[in-house]
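One structure is given below, encoded as structure tokens.
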């Protein structure tokens, strides 16, 4: 069985059979949008494609395979949701790894599913399955178990709003605001000269 899905790669395919003892088989389409299932017995097969942000026609393909047949199954893919690509860096443009960003629907899209993404080694993230016609608030979600994130106070711009149309959104840049790790304090004391060698100053953390 040759499966063809035009212009879409990375589609996960599940092939099962109701007439023989074949274990389910899986595959993913390549850059040509094709997958070949070989060495199949005759019988009835069901093919289900899956890929976030797409719906397929048919959703489940029924294939009757006779001995010696070579069947081509063509599926149609339609884009129904889109992605937001961005990056999080420090103010001096150092990439931030492992930060979680949530996309929360607002206005008439408050009921849509919250989508989340985690930054990679380059500080880049991809929020998937965002609905066209919706506005989202991007919000940083802290992870207390990650000691490297405890110094992060917030992300700027805070509560960044994005709007999804009928295409992917690119080049969203967010910055981390961090708690200072070292602080210098200068103290000036006015006193008579003969008291200076007797003065003590103590610093307390509130």
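The values are calculated or read from the model by the stated rules, or taken from the named source; none is laboratory data. Predicted model, so just to flag it, every value in this text is computed and none were measured. All Cβ positions, glycine included, derive from the backbone under ideal geometry; neighbour counts span all protein chains shown.
Among (1) touching a strand residue (DSSP E or B) at 6+ places or on another chain (Cβ under 6 Å); (2) closer than 27 Å to residue 55 by Cα; (3) surrounded by fewer than 13 Cβ atoms within 10 Å (Cβ to Cβ), which single condition is residue 136 missing?
Result: residue 136 passes all but (3).
Restricting to the range 134-149, and then to whatever is at pLDDT below 90 and touching a helix residue (DSSP H, G or I) at 6+ places or on another chain (Cβ under 7 Å), can you tell me which residue is nearest to residue 106 (Cα to Cα)?
So the first thing to find is which residues in the range 134-149 are at pLDDT below 90, and the list is 141-149.
Narrowing further to those that are touching a helix residue (DSSP H, G or I) at 6+ places or on another chain (Cβ under 7 Å): 142-143.
Details: 142: 21, 143: 24 Å.
Among them, the one singled out is 142.
In the range 55-104, how many are more than 25 Å from the chain's Cα centre (by Cα) and at positive phi?
Number satisfying all stated conditions: 1.
Which one is nearest to the chain's Cα centre (by Cα), of the residues in the range 160-178 that are surrounded by 10 or more Cβ atoms within 10 Å (Cβ to Cβ) and part of a loop (DSSP other than H, G, I, E, B)? Give the derivation first.
From the range 160-178, those surrounded by 10 or more Cβ atoms within 10 Å (Cβ to Cβ) are 160-165, 167-169, 172-178; that's our starting set.
If we keep only those that are part of a loop (DSSP other than H, G, I, E, B) as well, we get 164-165, 167-168.
Working: 164: 15, 165: 18, 167: 16, 168: 13 Å.
Selected residue: 168.
Among the listed residues 102, 69, identify the single one that is surrounded by fewer than 18 Cβ atoms within 10 Å (Cβ to Cβ) and either at pLDDT 95 or above or under 22 Å from residue 167 (Cβ atoms) (or both).
Values: 69 fails: either at pLDDT 95 or above or under 22 Å from residue 167 (Cβ atoms) (or both).
Going through 102, 69 in turn, just one is surrounded by fewer than 18 Cβ atoms within 10 Å (Cβ to Cβ) and either at pLDDT 95 or above or under 22 Å from residue 167 (Cβ atoms) (or both): 102.
Where in the range 1-57 are the strands (runs of 3 or more DSSP E), entirely inside, with at least 3 residues that are buried (at least 18 other Cβ atoms within 10 Å of the Cβ), in contact (Cβ under 8 Å) with a residue 40 or more places away in the chain and touching a strand residue (DSSP E or B) at 6+ places or on another chain (Cβ under 6 Å)?
On the way: elements: 2-5, 12-17, 25-28, 34-36, 43-50, 54-57.
Ranges flagged: 43-50.
Need a quick list: strands (runs of 3 or more DSSP E) entirely within the range 59-151 having at least 3 residues that are touching a residue at least 60 places away in the same chain (Cβ under 8 Å).
72-79, 82-90
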